[in-house]
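The values are calculated or read from the model by the stated rules, or taken from the named source; none is laboratory data. If you're wondering where the values come from, they're calculated on a predicted model, not measured in any experiment. Cβ sites come from the backbone with ideal geometry, for glycine too, and all protein chains shown count toward neighbours. Calculation scope for accessible area: heavy atoms of the full protein, side chains included, ligands and nucleic acids excluded. Shrake-Rupley method; radii C 1.70, N 1.55, O 1.52, S 1.80 Å.
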Amino acid sequence: MTGQPLPRAASVWLLLGGQGPGWLSVPAGRTEPIRGLPRSGNGYQLIRIAGGWAAQPFPADDVWCGDNCAPGPLPVYYVADGSRVASRIGTADFTAPAATPGALWLVSYRRDADMSTAAGNAQEVSVTGATRGPRLRLPAGYVIDQGTRAGLLLVSAVAGSSPVRYELWNPGTGRVTRSFADLIAASPAEIAWLPGCTASCRVHVLDLPGGHVEEISLPGRSTAYDGAFSPDGQLLALLVTARVTAAGRAAATRLMVATVASGRMTAVPGSTVGSGNGVTFGWQAGSHRLIADVGVGTTDQPEWQIAVWRPGDARLSTALARTPQESWPGSDQGPY
């Protein structure tokens, strides 16, 4: 990505996942560890929730029952935004953000269960570990992706060869109220997806729980791969194709930001990169400050380009930052 240097006074702090969980100060390049996270052989994955992050160790490599096997219960910790201390919440096979601020879902399976056919148990808990509401039995073969104001957004627990489908499930009635393919982004109040394109592509945004759908037209013949809603739901950042080969494959991608209410699209200047570069992005808590990162280093010398942009900025602000080996910055929802 290209832009002006990020001022040292910008004070951007990003949480690090992997083997060296901590807070990375950009552009100073200083890393501060997080107390309360025991050493984990495979490092920690991060899941964004309202007010902070859930941190959970990656499963061990020696799970013997196959790719469909439940990983088994692992501890779940909470790291509040800006906090240098983690607190333990409980244990679960999987973790997902809840619609309620300061809460998350813990999903568990019976030991060695085949997740493609087994039904998981889900419990909503606060970030202190206190239970909220009854324990739920999920539909067989599904796990929670995101809690919403209109129910739980579920996704197949095991990826298959067909397109991944998401189901909006009402725990009270046990019924699926909506289905989505090619999901782009989800929050407690909104879901964005990309139905099949004809002459052009339009991102659909469902308002929850009202049910109203807005459509956002993508420029030219571009398509969208990923997205992130701003904390207030007014903006939707999208990773879209910038150039396409003669064979119809993406040659480059760029970031664009849509105003959900009007559908107006703004290209983020300097954000075009080759399609082989893994760009992750998200919004700083409580703001319209978009943060993106892309790896530019090696396994032995991990280095990341961090970019910051607000609506109205004529240029990106960028900085390079090194992280501990096998660690990476968190700017999107996760888990990763």
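List of remarks:
- Solvent-accessible area of residue 320, all protein chains in place: 100 Å² (probe radius 1.4 Å, heavy atoms, ligands and nucleic acids excluded).
- Shape class of segment 22-146 from the alpha-carbon gyration tensor: oblate, with a/c at 1.5 or above and b/c at least as large as a/b.
- Residues listed by number, segment 271-302, amide nitrogen under 14 Å from residue 315 label point at 7 Å toward C-beta: 271
- Trypsin sites (Lys or Arg not before Pro) within segment 6-79, DSSP loop, no more than 16 other Cβ atoms inside 10 Å: 39
- Span from the segment 128-175 Cα centroid across to the segment 181-253 one, whole angstrom: 22 Å
- Distance from segment 286-300 to segment 2-65 (C-alpha centre basis), Å: 12 Å
- Percent of beta bridges antiparallel (DSSP, the chain, rounded to nearest 5): 95 percent
- Residue-by-residue Karplus 3J(HN,Hα) for segment 267-272, coefficients 6.51, -1.76, 1.60, Hz, glycine and proline x: 6, 7, x, x, 9, 6
- For segment 64-131, the convex hull spanned by the alpha carbon atoms encloses 101 Å³ per residue.
- Cβ-based charge dipole, the chain, positive-most Cα from 7, 276, 229: 7
- Other-chain or far-sequence residues with amide H under 5 Å of residue 148's (modelled H): 99, 153
- Using Cβ point charges alone (K and R +1, D and E -1), the dipole size of the chain about the Cα centre works out to roughly 480 debye.
- Cut-off under 5 Å, modelled amide H: who pairs with residue 44 long-range: 18, 19, 58
- Cα gyration tensor, segment 92-167 - rounded (a/c under 1.5), prolate or oblate: oblate
- For the chain, with all protein chains in place and a probe radius of 1.4 Å, 49% of the accessible heavy-atom surface sits on carbon or sulfur.
- Paired Rg and Dmax values of segment 230-334, which use every Cα atom, in angstrom: 14.5, 46
- Karplus-derived 3J(HN,Hα), 6.51/-1.76/1.60, for each residue of segment 326-333, Hz, glycine and proline x: 6, 10, 8, x, x, 10, 10, 6
- Of the listed residues 77, 225, the order by accessible area with a 1.4 Å probe, largest first, is 225, 77.
- Sparsely packed loop sites in segment 62-129 (the trypsin sites (Lys or Arg not before Pro) outside DSSP H, G, I, E and B with at most 13 other Cβ atoms within 10 Å) comprise 84, 110, 111.
- Whether segment 226-281 is rounded, prolate or oblate, judged on the alpha carbon gyration tensor where a/c under 1.5 counts as rounded: prolate
- Rounded to the nearest whole Hz, the Karplus-based 3J(HN,Hα) values (6.51 cos²θ - 1.76 cosθ + 1.60, θ = phi - 60°) of segment 19-24 follow the sequence 7, x, x, x, 9, 9, with x at glycine and proline.
- Convex hull volume per residue in cubic angstrom - Cα atoms of segment 85-225: 139 Å³
- Distant-in-sequence amide contacts of residue 332, defined by a placed amide H-H separation under 5 Å and a gap of 5 or more residues or a different chain, comprise 281.
- For the chain, pairs of C-alpha atoms spaced more than 30 angstrom apart make up 36 percent of the total.
- Extension gain for residue 266-residue 137 works out to 42.2 nm (0.36 nm per residue, less the C-alpha to C-alpha distance).
- Once both labels are positioned 7 Å from their Cα atoms along Cα-to-Cβ, the gap between residue 197 and residue 10 label points is 3.0 nm.
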